[in-house]
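Contents: one structure, followed by commentary.
Readers should treat all values here as calculations from the given coordinates under stated rules, not as data from a laboratory. Remember, predicted model here, so these are calculated numbers, not experimental data. Note: ideal-geometry Cβ built from the backbone for every residue, glycine included; neighbour counts use all protein chains shown.
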Amino acid sequence: MTTLLSLSELAAILPAQARLLGIDPGSKQVGLAMSDVSRMVASPLQTLKRGKLGQMATTIKALAVEHGIGGLVVGVPLSLDGSFGPAAQASRDWTLALSEQTGLPACLWDERLSSSAVNRMLIQEADLSRSRRAEMVDRLAAAYTLQAALDAIPMAVARNG
């Protein structure tokens, strides 16, 4: 049976030079971001149209082979008070199924307000139109979430290592 790992557990089992794939699962689109091989920097990768899980798993498996991805960091939409509501449970279930179908270990990472932060940045800094922001926000939110997880890895490993 597949289980979700903590961030420190995921970091501990990754092979050297294996990248992490950050995933921001939305209802219509799924944003993807990828770390560098040193797992220091997250970069936006692409946006996928939300489809059947099998199709998504096939695409993600192909990306894993192409880019040397060893694990998944999936954004989980916790409630504002930090509780695990229905949306977070649905994200957890989807992540478990995706991990099982791709064979990649996964952890959940709090993505509260990541899309809002990215939208705010795109409006203030980049002055992009609404349609252009819509094209970019999911993969940038994935990068934002993955970067937060990457930044926490040394602390998580030190705490549990």
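Laid out as a table, the results:
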| item | result |
| --- | --- |
| Scattering profile of the stretch 17-112 at q = 0.15, 0.22 Å⁻¹ [log10 I(q)/I(0), Debye over alpha-carbon scatterers] | -0.54, -1.15 |
| Two-site label geometry, GLN89 and ALA62: point separation in nm, points 7 Å out along Cα→Cβ | 3.5 |
| Distance between modelled label sites at ALA16 and SER79, nm, 7 Å Cα→Cβ extension | 4.6 |
| For the stretch 1-121: relative contact order, % (alpha-carbon pairs under 8 angstrom, 6 or more apart) | 29 |
| Burial ranking of peptide ranges 80-90, 20-30, 6-16, 97-107 (average Cβ count within 10 Å, highest at the top) | 20-30, 97-107, 6-16, 80-90 |
